[in-house]
Amino acid sequence: MLIVMKSGAAAAEIDAVVNVIQKIGLRPHPMPGATRTAIGITGNHGPIDGRRFENLAGVAEVIRVTKPYKLITLDLRPEKTVVRLGNATIGGSELAIIAGPCAIESRDQAFAVAEAVQKSGARFFRGGVWKPRTSPYAFQGLGETGWEIITEIRQAFQLKIVTEALEEPHVGLIEQYGDVIQIGARNMQNFSLLRRAGRSQLPVLLKRGMAATLEEWLLAAEYIMAEGNYNVILCERGVRTFTQHTRNTLDLASVPAIRQISHLPVIVDPSHGTGSAYMVTPLARASVAVGADGLMVEVHNHPELALSDGVQALTPSEYARLVGEVRAIREVTTPLVNQSRLETKVA
Ligand code: PEP
Ligand code: MN
């Protein structure tokens, strides 16, 4: 159920609707928009009788939700969500670039990469402190030592830190030392982790599971939003197919497909999406051309010495070139993407 308030509805009228929803034991999700506020309702397992809301002051329309999603949809918020962290945004007019090594390996490595990231004008630094590795014998991340390095980078370079939570207690640590909680492909359906991230005040970057359909991915985002955290960023990172020429098949069609359904920002990770450094820049260009709100790119000062994912890491100079190219593409494509959005609305 979705309650659309009249465009001039007073705050007290919105509060009154919120109160009724709470009194019947459900959870209200008020979403203020450019022209009106809509209130999503979660917590019900069956249909709700919407008539009780129809005569409340300020209510324009009560809509039954027939799709599996309630909170990620354009019905609830027709305008795009812009995730804001200080002066950095994801989903706004600026192309968001999140770059850094796969894992924090040492102070020297992390500082060298952070310098390149800052120089490029990117506002987000990525780097795993705990790594989800296929083999238990592979490098698992520096853990606590990694946090000391990240804390220094955050201070020295004024970059927003994006790092992955593998377990629920990691979320608390990211809340203390980081800026964005990354939930990785392997954890996209770790529901207790999704719920914990949903109770955080920090934005959550939700990667697509390796075998996840669009619906499963969007429902994972619903888990986070249903707990009250509306700052979710979707990240396409490729899915597993029969191809052998790439590590994953980067599904760039998911970007316009999500746009059609959801207000959430979508970024693309061409590093895990291809698995080879030489393919990262071409696919980054394509990601921006298709309308992605940003990119997540792995960079290493010595890819040949990397403890994880060196084959797909760009060197600082390759990365700097990529940034120049994708920014130029963004300039050209932004009006086109906006135009096609208007046309879709009219159609
Ligand atoms: C990562 O970004 O470091 C990572 C492990 O990616 P994914 O979860 O997409 O495999
Ligand atoms: Mn990696």
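Nothing in this text is a laboratory measurement; each read-out follows from the coordinates by a stated rule. Keep in mind that what you see is a predicted model, and the values were worked out from it rather than measured. Cβ atoms come from the backbone with ideal geometry, glycine included; neighbour counts cover every protein chain shown.
For the reader, a short list of remarks on this structure follows.
- Normalised per residue, the volume of the convex hull around the Cα set of the range 31-92 (Å³): 120
- Loop-located trypsin sites (Lys or Arg not before Pro) in the range 155-241 whose Cβ has at most 16 other Cβ within 10 Å (DSSP): R199, R240
- Residues whose amide H lies under 5 Å from that of I161, counting only those 5 or more places away or on a different chain, are F125, D179, V180; hydrogens are built 1.01 Å from N in the peptide plane.
- Local charge for K160 was computed over the other residues whose Cβ lies under 11 Å away, with Lys and Arg +1 and Asp and Glu -1, and equals +3.
- Computed FRET value (nearest 0.05) for Y278 with Q201, which takes r as the C-beta separation and R₀ as 30 Å: 0.15
- Relative contact order (percent, whole number), the chain, Cα cutoff 8 Å, 6+ residue spacing: 15
- Using alpha-carbon coordinates, inclination of helix 11-23 to the longest axis of the chain, degrees: 90
- Distance distribution note for the range 73-193: the fraction of Cα pairs above 25 angstrom is 27%.
- Gained length - A211 relative to T145, 0.36 nm times residue gap less alpha-carbon distance: 20.5 nm
- 10 Å-binned pair-distance histogram of the range 146-214 (Cα, whole percent): 21, 49, 24, 5
- Of all beta bridges that DSSP places with both ends in the chain, some 40 percent have antiparallel geometry.
- Distant-in-sequence amide H partners of K131 (H built 1.01 Å from N, under 5 Å): G141
- Summing +1 for each Lys or Arg and -1 for each Asp or Glu among the other residues whose beta-carbon sits under 15 angstrom from that of Q22 gives +2.
- Under the combined filter of DSSP loop state and at most 16 neighbouring Cβ atoms within 10 Å, the range 1-85 retains these GluC sites (Glu not before Pro): E79.
- Positive-pole candidate from H272, H302, I153, dipole of the chain, charges at beta carbon: H272
- For G50, net neighbour charge (Lys/Arg +1, Asp/Glu -1) across residues whose Cβ lies under 12 Å away: 0
- Rg/Rh, computed from the Cα trace of the range 203-347 with Rh as the Kirkwood radius, has the value 0.99.
- Near-label residues of the range 91-116 by backbone N, under 17 Å of a point 7 Å along Cα→Cβ of E331: 93-96
- Helical content of the chain, expressed as a calculated mean residue ellipticity at 222 nm, amounts to -12000 deg cm²/dmol (DSSP H runs of 4 or more residues, -39,500 (n - 2.57) each, divided by residue number, nearest 500).
- Rg(Cα)/(2.2 N^0.38 Å) for the chain, N = residue count: 1.02
- For the range 1-125, a Kirkwood hydrodynamic radius built from all Cα pairs, placed in the Stokes-Einstein relation at 25 °C and 0.890 mPa s, yields a translational diffusion coefficient of 141 µm²/s.
- Residue separation of A60 and A253 scaled by 0.36 nm, minus their Cα-Cα distance, works out to 66.0 nm of gained length.
- Residue among D251, D269, D179 with the largest mean-square fluctuation in a Gaussian network model of the chain, springs linking Cα atoms under 10 Å: D251
- Between 0 and 90°, nearest 10: helix 107-119 axis offset from the chain longest Cα axis: 60
- Largest-first ellipsoid semi-axes for the range 71-113, taking √(5λ) over the Cα gyration tensor eigenvalues, angstrom: 33, 12, 8
- Histogram of C-alpha separations across the range 162-257, 5 Å bin width, %: 3, 15, 26, 24, 16, 10, 5, 2, 0
- Summarising the strand pairing of the range 64-179, around 35 percent of its internal DSSP beta bridges are antiparallel.
- Degrees between helix 214-226 axis and first principal axis of the chain (Cα, 0 to 90, nearest 10): 70
- Span from the the range 114-156 Cα centroid across to the the range 196-244 one, whole angstrom: 21
- Considering only alpha-carbon pairs that sit under 8 angstrom and 6 or more positions apart, the relative contact order computed for the range 86-141 is 36 percent.
- Lysine pairs in the range 1-136 with Cα atoms under 29 Å, if 8 or more residues apart or on separate chains: 10
- Choice from V17, V326, V255 showing the highest fluctuation, given a GNM over the chain with Cα pairs closer than 10 Å: V17
- Selected from V171, N187, T134, residue furthest toward positive end of dipole (the range 102-204; charges at beta carbon): N187
- For C235, residues with placed amide H under 5 Å, excluding near neighbours: L206, K207, R208, I267
- Between A10 and Q189, the contour length at 0.36 nm per residue exceeds the alpha carbon distance by 60.6 nm.
- Over the range 126-258, relative contact order from alpha-carbon pairs under 8 Å, at least 6 apart, %: 16
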